[in-house]
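Enquirer: Just dropping this structure here.
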Amino acid sequence: MSDIQIIVDRVEIEALRGEFTDAGMMRDYDRFASLFTQDGAWRMPHINVEFVSREEIRAAIERLQGLWEFFVQTVHLGTIRLEGDTAVGRAYTAEFGRMHDGRSNLNYAIYHDRYQRTSDGWKFAERVYEVRYLDATPLAGSAPGPVRDA
């Protein structure tokens, strides 16, 4: 593999991880599911759930996002180890939000990832979400309303 190809692959995988956060925050459920291989898996062991296949992942993200009054996720650089047409890596996230039932959540977590090169570019073969810190203290702030004309 050439040095240029290694750089390209790393940039594309970082972009994939950014697309995951953006698609979730923008509630673009079709795009979110398309980031996984057809048989890809999204696992959250801390709540004992897993979704396997684009169809399950798409239904899950829509259902989960429907629980939130507001939700913010940021993703931070992690690691990527290329292995030809596959790769493994970790991405670090911070999330907070409030659910419609009033519960709040602030957490810091790690995504343990497996990536697969496809004809459509790099995709997630698996994302496993490991929560490292969780705070359920009620959030004092609020999401602002719609912008009004001045």
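The values are calculated or read from the model by the stated rules, or taken from the named source; none is laboratory data. If you're wondering where the values come from, they're calculated on a predicted model, not measured in any experiment. Glycine gets a Cβ as well: all are built from the backbone with ideal geometry, and neighbour counts include every protein chain shown. Quick note on the areas: whole protein, heavy atoms, side chains included, nothing else; ligands and nucleic acids left out. Shrake-Rupley method; radii C 1.70, N 1.55, O 1.52, S 1.80 Å.
Enquirer: Working only within the stretch 1-59, note down all residues that are touching a Gly at 6+ places or on another chain (Cβ under 7 Å) and on the phi > 0 side of the Ramachandran plot.
Expert: Those that are touching a Gly at 6+ places or on another chain (Cβ under 7 Å) and on the phi > 0 side of the Ramachandran plot: none in the stretch 1-59.
Enquirer: Shifting gears a bit: When residues of the stretch 65-81 are filtered for being open to solvent by less than 40 Å² (accessible area, probe 1.4 Å) and of a type in the set (A, V, I, L, M), how many remain?
Expert: The qualifying residues number 1.
Enquirer: Give me the pairs: first residue in the stretch 85-101 and touching a residue at least 60 places away in the same chain (Cβ under 8 Å), second residue surrounded by 15 or more Cβ atoms within 10 Å (Cβ to Cβ) and small (Gly, Ala, Ser), beta-carbon distance under 8 Å, and six or more apart or on different chains, which are they?
Expert: What qualifies is GLY89/GLY78; ALA91/GLY78; THR93/ALA109.
Enquirer: Which condition from (1) open to solvent by less than 40 Å² (accessible area, probe 1.4 Å); (2) touching a strand residue (DSSP E or B) at 6+ places or on another chain (Cβ under 8 Å); (3) within 28 Å of PRO146 (Cβ to Cβ); (4) not β-branched (Val, Ile, Thr) is the one that SER53 breaks?
Expert: Only one criterion in (1) open to solvent by less than 40 Å² (accessible area, probe 1.4 Å); (2) touching a strand residue (DSSP E or B) at 6+ places or on another chain (Cβ under 8 Å); (3) within 28 Å of PRO146 (Cβ to Cβ); (4) not β-branched (Val, Ile, Thr) is unmet by SER53, namely (3).
Enquirer: While we're on this one: When you scan the stretch 100-120, how many residues do you find that are in contact with a helix residue (DSSP H, G or I) (Cβ under 6 Å, 6 or more places away or on another chain) and either surrounded by fewer than 18 Cβ atoms within 10 Å (Cβ to Cβ) or assigned to a loop (DSSP other than H, G, I, E, B) (or both)? Please lay out each step first, then the result.
Expert: Filtering the stretch 100-120 for residues in contact with a helix residue (DSSP H, G or I) (Cβ under 6 Å, 6 or more places away or on another chain) gives 115.
Filter again for either surrounded by fewer than 18 Cβ atoms within 10 Å (Cβ to Cβ) or assigned to a loop (DSSP other than H, G, I, E, B) (or both), leaving none.
Summing the residues that are in contact with a helix residue (DSSP H, G or I) (Cβ under 6 Å, 6 or more places away or on another chain) and either surrounded by fewer than 18 Cβ atoms within 10 Å (Cβ to Cβ) or assigned to a loop (DSSP other than H, G, I, E, B) (or both) in the stretch 100-120 gives 0.
Enquirer: Name the residues in the stretch 17-36 that are closer than 17 Å to TRP122 by Cα and either crowded, with 20+ Cβ neighbours inside 10 Å or of a type in the set (Lys, Arg) (or both), would you? Spell out the reasoning first.
Expert: Just the residues of the stretch 17-36 that are closer than 17 Å to TRP122 by Cα, to begin with: 17-23, 30-36.
Selection gives ARG17, PHE20, ARG31, PHE32, ALA33, LEU35, PHE36.
Enquirer: Can you pull out every residue in the stretch 22-76 that is in a strand (DSSP E or B) and of a type in the set (A, V, I, L, M)?
Expert: Filtering the stretch 22-76 for residues in a strand (DSSP E or B) gives 36-44, 49-52, 68-76.
Matches in the stretch 22-76: ALA41, MET44, VAL49, VAL52, VAL72, VAL75.
Enquirer: Does ASP9 qualify as being part of a strand (DSSP E or B), modelled with pLDDT of 95 or more and surrounded by 11 or more Cβ atoms within 10 Å (Cβ to Cβ)? Please lay out each step first, then the result.
Expert: Numbers: part of a strand (DSSP E or B): no; modelled with pLDDT of 95 or more: yes; surrounded by 11 or more Cβ atoms within 10 Å (Cβ to Cβ): yes.
Criteria not met by ASP9.
Enquirer: Just wondering, is there one or more residues in the stretch 37-45 that are in contact with a Phe, Trp or Tyr (Cβ under 8 Å, 6 or more places away or on another chain), loosely packed, with under 15 Cβ neighbours inside 10 Å and more than 15 Å from HIS112 (Cα to Cα)? Before the answer, list the steps.
Expert: Here is the first cut: in the stretch 37-45, the ones in contact with a Phe, Trp or Tyr (Cβ under 8 Å, 6 or more places away or on another chain) are 37, 40-45.
Right, trim to loosely packed, with under 15 Cβ neighbours inside 10 Å and you get 45.
With more than 15 Å from HIS112 (Cα to Cα) added as a condition, the list becomes none.
Taking every residue of the stretch 37-45 in turn, none turns out to be in contact with a Phe, Trp or Tyr (Cβ under 8 Å, 6 or more places away or on another chain), loosely packed, with under 15 Cβ neighbours inside 10 Å and more than 15 Å from HIS112 (Cα to Cα).
Enquirer: Which of (1) hydroxyl-bearing (Ser, Thr, Tyr); (2) under 13 Å from the mean Cα position of the chain (by Cα); (3) open to solvent by less than 60 Å² (accessible area, probe 1.4 Å) does TYR92 not meet, given it meets every other one?
Expert: (3)
Enquirer: Select from the stretch 125-144 the residues that are out of contact with any Lys or Arg (no Cβ under 9 Å at 6 or more places or on another chain), closer than 30 Å to LEU16 by Cα and among the aliphatic types (A, V, I, L, M) and write down the one among them that is least open to solvent (accessible area, probe 1.4 Å).
Expert: Ranking the candidates gives VAL131 first.
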